Amino acid sequence: MSDRPQNFDTLQIHAGASPDPATGARQVPIYQSTAYVFQDADHAARLFNLQEVGYIYSRLTNPTVAALAERITHLEGGAGGICCSSGHAAQIMALFPLMMPGCNIVASTRLYGGTYTQLTQTIKRFGWSAKLVDFDDLDAVKAAIDDDTRAIFCESIANPGGYITDLDAIAKIGDEAGIPLIVDNTSASPYLCRPIEHGATLVVHSTTKYLTGNGTVTGGAVIDSGKFDWSANDKFPSLSQPEPAYHGLTFHEVLGPMAFTFHSIAVGLRDLGMTMNPQGAHYTLMGIETLSLRMRKHVENAVKVAKWLEADDRIESVTYAGLESSPYYDRVAKICPNGAGALFTFAVKGGYENCVKLIDSVELFSHVANLGDARSLIIHSASTTHRQLSDEQRAASGALPNVVRVSIGIEDPDDIIADLDQALTKALA
Ligand SMILES: *Cc1c(COP(=O)(O)O)cnc(C)c1O
């Protein structure tokens, strides 16, 4: 094979997947095995010492799951990566090597509802905390970073408000402070946005969404750029100092750009156990084969539907960054040149009541708490995913009571529009 780098459409099918060495199987087999036989005692010892890379036990690594991790790593342009049991597991796994009790994360106010709760409530049990700030206010981001900050966290395309983060500007603030930027790239997928090219250190995914693409399995991934210097300061002792949880190995010194990935396997997955299963990895590998084709159609449909809604007098506003009226329209070309995704909100005249009626009147759309499915999905965030937030928090995250969120699928756009049209007629009758 030549050294010429392959393009996205090729990588999404081939990366991480050479024919099976044992059988020649062309598709990645589902290695439904918990454990792997060691060649001899010396081989076993070398594996446990990380002197040789190989399979030990599927809580740590599994060949099917490893193929998926390698494929997503290639698509994101990273150095290494791991898969986990869900997107939320991936977020904890991304933070785990960086954090200690007393440390904090500076995060955007515009977050997926579940992430909001994870970062503002649940992580407090670990002694971690999050400071949420408006990521359009760069001075506020800078000011929020203190001596105990260990990560900056945001979404590339933020769910649900149709917001695009200026990743380059945020990454620069992180670089100046010696703090890694973690980007949740779920709503964009690597086809629309490649955060590492904009300075992100780690990229997290809920593979549950566009990467799998059909609403079948939950999963997550953490991809490391391999570019962050964990030893530049004393903030990341798990990577830069002898790690007591792995017989004193100094991960960064020994493993260089693969330090984060190996720590995530050897300590994170080993002790937290948020492992992806091989069957789930198989579904996601199948899904990724058509990622670019689906994303192109998702975006094309989303633009059509958003334009139709914007022109309809039953609609107050549409927050889709792919519309010229969006304040984030210019950022799309810079951050996600292949399109602004397929997830947006629109405000319905008549407020909360009419939103609920609209949701109850759709026929083609499914009323579910999910996104990134081949099917078109709809939800009223204020009464569901963002229910646990205060009014103020809901407003900050774009989930106002008169707003519904749609995840536009890859059906025929005329059928999607016709369904919204009939449901709006019923809602505003
Ligand atoms: C769904 C989602 C998550 C959580 O992923 P799960 O796989 O459901 O755990 C995190 N971030 C974003 C943007 C999501 O859409």
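The numbers here are math on the coordinates, done by the rules we state, and not lab data. Small disclaimer: the values here were computed from a predicted structure and weren't measured. Methodologically, a virtual Cβ is constructed for each residue, glycine included, from the backbone with ideal geometry; neighbour enumeration extends over all protein chains shown.
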Review point. How about region 290-359: which chymotrypsin sites (Phe, Trp or Tyr not before Pro) there lie in a loop by DSSP and see at most 11 other Cβ atoms within 10 Å?
Key: none
Review point. If we count every other residue with Cβ under 10 angstrom of Cys154's Cβ, Lys/Arg +1 and Asp/Glu -1, where does the sum land?
Key: -2
Review point. Where both residues lie in region 132-214, what percent of DSSP beta bridges are antiparallel, nearest 5?
Key: 20 percent
Revision key, fill the gap. Checked region 72-207 against the a/c 1.5 cut and the a/b vs b/c comparison, axes a ≥ b ≥ c from its Cα gyration tensor; verdict rounded
Exercise for review: Kindly provide the GluC sites (Glu not before Pro) of region 309-409 that DSSP labels as loop, not H, G, I, E or B, and whose Cβ sees at most 11 other Cβ atoms within 10 Å.
Suggested key: Glu324, Glu363
Check your understanding: So, with +1 on the Cβ of K and R and -1 on the Cβ of D and E, and no other charges, what is the size of the charge dipole of region 39-94 about its Cα centre, to the nearest 20 debye?
Key -> 180 debye
Review point. Taking a point 7 angstrom from the Cα of Ala22 along the C-beta vector, which residues in region 277-296 have backbone N less than 19 Å away?
Key: 277-283
Exercise for review: Return the percentage of antiparallel bridges among DSSP beta bridges fully within the chain, rounded to the nearest 5 %.
Suggested key: 60 percent
Study note, to complete from the structure: Over all viewing directions the Cα convex hull of the chain casts an average projected area in nm² of 20.8 nm²
Practice item. Using θ = phi - 60° and the Karplus relation 6.51 cos²θ - 1.76 cosθ + 1.60, list the HN-Hα couplings for region 102-108 in order, rounded to whole Hz, with x at every Gly or Pro. Key: x, 8, 10, 10, 9, 10, 6
Review point. Each residue of region 269-279 in order: what ³J(HN,Hα) in whole Hz does its phi give by Karplus 6.51 cos²θ - 1.76 cosθ + 1.60, θ = phi - 60°, with x for Gly and Pro?
Key: 5, 4, 9, 9, x, 8, 8, 7, 8, x, 4
**Study point:** Computed [θ] at 222 nm, helices only, for the chain once each DSSP H run of length n ≥ 4 contributes -39500 (n - 2.57)
**Key:** -10000 deg cm²/dmol
Point to revise | Rg and Dmax [Cα atoms of region 19-98; Å; Rg one decimal, Dmax integer] | key: 14.3, 41
Review point. How many times 2.2 N^0.38 Å is the alpha carbon radius of gyration of region 292-427?
Key: 0.99
Check your understanding: For the residue pair Leu428 and Asp415, what label-to-label distance in nm results when each label sits 7 Å from Cα along the Cα-to-beta-carbon direction?
Key -> 2.5 nm
Study note, to complete from the structure: Contour minus Cα-Cα span, Asp313 to His14, at 0.36 nm per residue, comes to 102.9 nm
